[in-house]
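A short worksheet on the structure shown next.
The values are calculated or read from the model by the stated rules, or taken from the named source; none is laboratory data. In this text, all values refer to a predicted model and were calculated from it rather than measured experimentally. Ideal geometry is used to build each Cβ from the backbone, glycine not excepted, and the neighbour counts take in all protein chains shown.
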Amino acid sequence: MDFLKVKNITMQFGGLFAVQDVDFYVNRGEIVSLIGPNGAGKTTIFNMLTGVYQITSGTMEFEGQKLEGKTPQEIVELGISRTFQNLRLFQKMRVIENVLVGTHIRTKYNFFDGLFRTKAFREEEAKNTYKAIEILKSIGLENYMNSYVESLPYGEQRKVEIARAIATDAKLLLLDEPAAGMNPSESEDLLRFIKSLKDKGFTILMIEHDMNVVMNISDRIYVLDHGKMIAHGLPDEIANDKRVIEAYLGGERKHAKNRKS
Amino acid sequence: MSRISETIKTKGLLFTVERFFDRYKWVIAIVFGILAVSVPFLGLSRSMMRLLVMIGLYSMLGMGLNILVGYTGQVSLGHAGFYAIGAYVCALLQVDAGVNFWVALIAGGIFSGLVGLLLGLPTLRLSGTYLSIVTLGFGEVVQMILKQWDSVTYGNYGVRNIPKPELFGFTFNQQNGGFYIIILVLTTLTAIGCYLLRNSKTGRAFVAIKEDELAATMMGIKTSRYKILAFVLSAFVTGIAGGFYSVINNGYIEPTNFTFNISILIMSVVIVGGLGTIRGMFFGSAILMLFPEVFRFLNEWRFVIYGLLLVLMMRFRPQGALGWQSTLPYRLTKETKKLLENSKAAADTNDMK
């Protein structure tokens, strides 16, 4: 049984195929990168996987469970969590509260427990707060725990997003450009952190433009262009793949072909 | 002293004041609590007592609306509707069915909450301006029903001869400070309830929805369910406040007690005091109730001043008078601290090995 298996998924918006017949898989414990030029459909794939979009056709399976037709909440419950390309944090909440929101679906008390501060509430709350603090420590945010997200530097906010995604007890993390807007030393730290996540048993599917990050930590790489998967392989193979270089830099041959037709 | 001036220099005067209030919030709360409890024994004039009762009532209404607007970020311009429903259910149950006040009060709150559920359902797909318009319409519809449904609501004539609340032979009224005692208890319970709610997963889910609904969804929060819950809780609190209002208004209520102006007044309490805070509701209510009294000598001009104040406030302090974010660290519970200490102790012993 594959961990994540996606077959022939298509996303059509009116006449536009944002993603067309894309296949890929992710094995347990891997770091897989999804790269491609802007507008290639990478984030669309994340939105399809997480139930933001209902896919036009195709199948998606996670640990043997179908993902298509499920709500985003059900998908989080199964163990897939994501971050966003343009940060979507709860700006006016504290860092720790953001992470606690991540623990929401694993929190087993109801509204009345909260209102009457029952034993179940106190135990769960303590357990989750402890968990949140541990996650923040592991990502190096313990000093920002009490701060409000809006007061944090951009790079730190990206980390909060990852911490929040981890807090859902996800097995598969979808990271949408985690290194965007980071300086080289920050992205170096992030690289190390993502590697440590792998050691802790997380599986990661990542969209990233920073080739230093991609080439250094990916087990495998998929390349997407104009909604189609154009290449798949090990980092070394991808770096030397003609189609990939063409997609990114444009190629003589492609133009010539276009002109003829 | 030098430390304070240091803080003023580095962080600004406003921050220093805010931090002062945060640090001594319990002292301030206790002082206010003692003052509030001693009010009935101070021998205040009847008009003064009535004013204090109204401040309490609007604090409660503010807290009710705050659950919806301040926490969950959904605007309602029709809260007078819930207020009216609570008042009418409470009054009619007493007058026509002879139900005890306390039972009628709870029934009014529950009924209002149920209507909140019904209103919450169709508004799930709406937000912002569209939601405001639907809620505005709701407030008007409620008022129309109260005016037209003569056989039940007595129409424009209103419900009359609403009895005074009693408990163990004690009759609560304005003179003996009974109304004040009831609203003090209700407001305190609401404030505690709001505090506990805000610091639980429910409250965090509410605020998460306000901050970013898509992100909240992606964290697995069932946003529809929580938005409806916010509507129900808000309507419940407002309905209870309405039930209380029905007995303090000289024994009668009529549809014109619950006009659009009341919705706006409740909204103003929330905005002036500080969206999403509890302290702000008391402050906002006090300001808005005191304002017309203090500036009575200005006659019609006071509304000009009032409008001007609101405009200036939106320009210079949009978060509301007391709407600052806490400057204190996140409060860890006893149980959490224990867990943290245990893990630290475990780590230390590992180091020693």
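Among the numbered criteria (1) closer than 28 Å to residue A:14 by Cα; (2) more than 8 Å from chain B (Cβ to nearest Cβ); (3) part of a loop (DSSP other than H, G, I, E, B), which one does residue A:43 miss?
Unmet for residue A:43, out of (1) closer than 28 Å to residue A:14 by Cα; (2) more than 8 Å from chain B (Cβ to nearest Cβ); (3) part of a loop (DSSP other than H, G, I, E, B): (3).
All but one of (1) closer than 25 Å to residue B:73 by Cα; (2) crowded, with 20+ Cβ neighbours inside 10 Å hold for residue A:112; state the number of the condition that does not hold.
Of (1) closer than 25 Å to residue B:73 by Cα; (2) crowded, with 20+ Cβ neighbours inside 10 Å, only one is false for residue A:112: (2).
Among the candidates B:187, B:238, B:202, B:217, which residue alone is closer than 25 Å to residue B:111 by Cβ, free of Cβ contacts under 8 Å to residues at least 40 places away in the same chain and either part of a helix (DSSP H, G or I) or of a type outside the set (Asp, Glu) (or both)?
On the way: B:187 fails: free of Cβ contacts under 8 Å to residues at least 40 places away in the same chain; B:238 fails: free of Cβ contacts under 8 Å to residues at least 40 places away in the same chain; B:217 fails: closer than 25 Å to residue B:111 by Cβ.
When all the criteria are applied, what remains is B:202.
Only residues in region A:6-17 that are of a type outside the set (Val, Ile, Thr) count as the first member; pair them with residues that are surrounded by 14 or more Cβ atoms within 10 Å (Cβ to Cβ) and not in a strand (DSSP E or B), Cβ under 7 angstrom, at least 6 apart or cross-chain, and list the lot.
Close Cβ pairs satisfying both conditions: A:11/A:44; A:11/A:48; A:11/A:53; A:11/A:55; A:11/A:56; A:12/A:56; A:17/A:227.
With the condition kept exactly as written, say whether any residue in region B:309-332 is away from every other protein chain (no Cβ under 14 Å), out of contact with any His (no Cβ under 7 Å at 6 or more places or on another chain) and under 22 Å from residue B:48 (Cα atoms). If you could, list the steps in order and put the result at the bottom.
Step one: list which residues in region B:309-332 are away from every other protein chain (no Cβ under 14 Å), which gives B:309-317, B:321-322.
From what is left, the residues that are out of contact with any His (no Cβ under 7 Å at 6 or more places or on another chain) are B:309-317, B:321-322.
From what is left, the residues that are under 22 Å from residue B:48 (Cα atoms) are none.
So far as region B:309-332 goes, no, none of its residues is away from every other protein chain (no Cβ under 14 Å), out of contact with any His (no Cβ under 7 Å at 6 or more places or on another chain) and under 22 Å from residue B:48 (Cα atoms).
In the list A:85, A:91, which residue meets the criterion of being touching a Ser or Thr at 6+ places or on another chain (Cβ under 7 Å) and within 14 Å of another protein chain (Cβ to nearest Cβ)?
On the way: A:91 fails: touching a Ser or Thr at 6+ places or on another chain (Cβ under 7 Å).
The conditions single out A:85.
Tell me which residues, restricted to region A:80-117, are out of contact with any helix residue (DSSP H, G or I) (no Cβ under 8 Å at 6 or more places or on another chain), part of a loop (DSSP other than H, G, I, E, B) and either among the aliphatic types (A, V, I, L, M) or more than 30 Å from residue A:153 (Cβ to Cβ) (or both).
Result: A:110, single match.
Here are some residues: A:179, A:126, A:132, A:165. Which one is crowded, with 16+ Cβ neighbours inside 10 Å, under 23 Å from residue A:208 (Cα atoms) and modelled with pLDDT of 90 or more? Steps first, please.
Working: A:179 fails: modelled with pLDDT of 90 or more; A:126 fails: under 23 Å from residue A:208 (Cα atoms); A:132 fails: under 23 Å from residue A:208 (Cα atoms).
Going through A:179, A:126, A:132, A:165 in turn, just one is crowded, with 16+ Cβ neighbours inside 10 Å, under 23 Å from residue A:208 (Cα atoms) and modelled with pLDDT of 90 or more: A:165.
Evaluate region B:254-272: report whether one residue or more is more than 26 Å from residue B:105 (Cβ to Cβ), crowded, with 24+ Cβ neighbours inside 10 Å and within 14 Å of chain A (Cβ to nearest Cβ).
Checking region B:254-272: not a single residue is more than 26 Å from residue B:105 (Cβ to Cβ), crowded, with 24+ Cβ neighbours inside 10 Å and within 14 Å of chain A (Cβ to nearest Cβ).
What tally of residues in region A:53-75 results from selecting those that are in contact with a strand residue (DSSP E or B) (Cβ under 9 Å, 6 or more places away or on another chain) and either assigned to a strand (DSSP E or B) or among the aliphatic types (A, V, I, L, M) (or both)?
Counting residues in region A:53-75 that are in contact with a strand residue (DSSP E or B) (Cβ under 9 Å, 6 or more places away or on another chain) and either assigned to a strand (DSSP E or B) or among the aliphatic types (A, V, I, L, M) (or both) gives 10.
Working only within region A:182-207, note down all residues that are touching an Asp or Glu at 6+ places or on another chain (Cβ under 9 Å) and modelled with pLDDT of 90 or more.
Of everything in region A:182-207, those that are touching an Asp or Glu at 6+ places or on another chain (Cβ under 9 Å) and modelled with pLDDT of 90 or more turn out to be A:198, A:203, A:204, A:205, A:206, A:207.
Mind checking which residues of region B:143-171 are without any contact (Cβ under 8 Å) to a residue 60 or more places away in the chain, surrounded by fewer than 19 Cβ atoms within 10 Å (Cβ to Cβ) and part of a loop (DSSP other than H, G, I, E, B)?
Of everything in region B:143-171, those that are without any contact (Cβ under 8 Å) to a residue 60 or more places away in the chain, surrounded by fewer than 19 Cβ atoms within 10 Å (Cβ to Cβ) and part of a loop (DSSP other than H, G, I, E, B) turn out to be B:149, B:168, B:169.
Could you check residue A:120 against (1) in contact with an Asp or Glu (Cβ under 8 Å, 6 or more places away or on another chain); (2) at the interface with chain B (Cβ under 8 Å from one of its Cβ atoms) and say which number it fails?
(2)
Restricting to region A:136-150, give me the number of residues that are more than 11 Å from every other protein chain (Cβ to nearest Cβ) and within 16 Å of residue A:192 (Cβ to Cβ).
Number of matching residues: 4.
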